[in-house]
Amino acid sequence: MQHLLSSQELTREQILHLLVRAEQFLPVVLNRQRLNLAQGKILATLFYEASTRTRFSFEAAMLRLGGEVISNADMEATSSAKKGETLLDTGRMVSSYADIIAMRHPQKGSVLELAKGSSVPVVNAGDGAGDHPTQGLLDLLTIRLEKGRLEHLTIGMIGDLKNGRVPHSQCVYLNHFPNLNFIFVAPQALQMPQDMVDSLKAKGHPVLQTEDLETALPQMDVICQTRIQQERFASEAEYLKYKGVYVLNAEWMKRAKEDAILLHPLPRVDEIALEVDQDPRAKYFLQPVYGVAMRMAILAELLHL
Ligand code: NCD
């Protein structure tokens with residue numbers, strides 16, 4: 001691995017290797033320890049779009065590996081981007097300060113552009129509605145640890161499957177594993193892009209697309225709830241048409257399987273009621289813990305540690 005720019009570029013073997021490494025790093029995260037594996041190495045986090053978890057998660061991962069961090073959480077407003085510097089030049093320049101770069105940007109393809117200028121590994125921390133390769137990997141880790149397997153499962157995805165980059169990355173990774181059923185619950189206008197559905201079907205995975213949560217929810221082993229991606233809509237009015245369309249509350253959770261797991265990349269707005277946090281099937285506050293372990297694995301791989 002030279003960079004991690006897209007979920008498409010990982011093979012099944014590389015995915016499995018990262019899962020194993022992340023599991024090995026997990027006790028370090030749980031016991032709040034610090035290794036000295038990345039001693040002397042510097043991570044730069046360049047965020048051109050809002051984030052809480054992903055940036056802190058990368059930074060915590062680097063610190064737990066024993067490395068150091070330099071960070072700009074608001075590149076759009078406070079970096080030379082404001083003076084018109086190109087991503088290519090920024091990549092060239094930051095790679096003379098840091099040994100590895102994690103970057104988030106609202107435009108699809110922007111991380112690749114910065115990587116072209118960079119002489120050090122670049123990790124995509126989310127680019128527009130396109131892809132979120134590290135979140136997809138931590139979701140896979142969550143499924144493997146909480147369900148014990150990545151096959152023979154019915155995977156449900158609910159919400160904004162068109163604009164959500166997380167469901168896209170999840171599908172790309174899960175497509176490497178056999179005997180999975182996919183159920184996509186979304187308003188028609190926010191359904192999973194057709195090319196993604198086609199690529200799942202081409203691998204032999206049955207895909208059901210529906211607006212009807214009531215019949216779909218009881219079938220799911222893994223329930224991936226997502227936020228309606230307000231920032232990707234053309235207008236407030238357009239967003240308001242879909243806001244609150246699927247809200248999982250305790251009443252809904254009664255219909256879900258007893259051994260189902262409920263994932264959400266967070267932040268949540270209103271799509272999971274607070275009362276569900278108490279439900280043992282809710283794993284969304286555990287995902288950030290697994291996320292640090294996964295990002296430790298990704299950083300360690302890219303730094304050849
Ligand atoms: C997601 C993202 O930024 O795509 N959040 C995250 O990274 N944990 C999901 C979202 O914003 O809805």
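Residues that are open to solvent by 20 Å² or more (accessible area, probe 1.4 Å) and in a loop (DSSP other than H, G, I, E, B) within the stretch 176-185 comprise His176, Pro178, Asn179, listed in sequence order. Looking at Gln229, Gln209, just one residue is within 16 Å of the ligand (Cβ to nearest atom) and polar (S, T, N, Q), and that residue is Gln229.
Taken as a whole, the structure places Thr154 among residues that are more than 15 Å from the ligand (Cβ to nearest atom), in contact with a strand residue (DSSP E or B) (Cβ under 9 Å, 6 or more places away or on another chain) and more than 26 Å from Leu87 (Cβ to Cβ). If you go through the stretch 75-129 and keep only what is away from the ligand (no atom under 16 Å from the Cβ), surrounded by 17 or more Cβ atoms within 10 Å (Cβ to Cβ) and of a type in the set (Gly, Ala, Ser), you end up with Ala81, Gly91, Ser95, Ala98, Ala115, Gly117, Ser118. The numbered conditions (1) more than 21 Å from Tyr242 (Cβ to Cβ); (2) in contact with a strand residue (DSSP E or B) (Cβ under 7 Å, 6 or more places away or on another chain); (3) within 12 Å of the ligand (Cβ to nearest atom) are all true for His264 except (1).
Residues of the stretch 35-57 that are in a loop (DSSP other than H, G, I, E, B), touching an Asp or Glu at 6+ places or on another chain (Cβ under 7 Å) and open to solvent by less than 20 Å² (accessible area, probe 1.4 Å): Tyr48 alone.
Candidates in the stretch 143-171 are the residues that are buried (at least 23 other Cβ atoms within 10 Å of the Cβ) and β-branched (Val, Ile, Thr); of these, the one that is nearest to the chain's Cα centre (by Cα) is Val166.
Okay, residues lined up against (1) without any contact (Cβ under 8 Å) to a residue 24 or more places away in the chain; (2) outside any helix (DSSP H, G or I):
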position	(1), (2)
Lys257	no, yes
Arg268	no, yes
Asp277	yes, no
Phe285	yes, yes
Tyr290	no, no
Ala293	no, no
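Filtered by the rule that a residue be open to solvent by less than 60 Å² (accessible area, probe 1.4 Å), under 24 Å from Arg144 (Cβ atoms) and either touching a helix residue (DSSP H, G or I) at 6+ places or on another chain (Cβ under 9 Å) or of a type in the set (S, T, N, Q) (or both), the stretch 198-226 gives Ser199, Leu200, His205, Val207, Leu217, Asp221, Val222, Ile223, Cys224, Gln225, Thr226.
The values are calculated or read from the model by the stated rules, or taken from the named source; none is laboratory data. From a predicted model like this one, the values you see are computed outputs, not experimental measurements. Glycine also receives a Cβ, built like all others from the backbone with ideal geometry; neighbour counts cover every protein chain displayed. Surface areas here come from the heavy atoms of the whole protein model, side chains and all, with no ligands, DNA or RNA. Shrake-Rupley method; radii C 1.70, N 1.55, O 1.52, S 1.80 Å.
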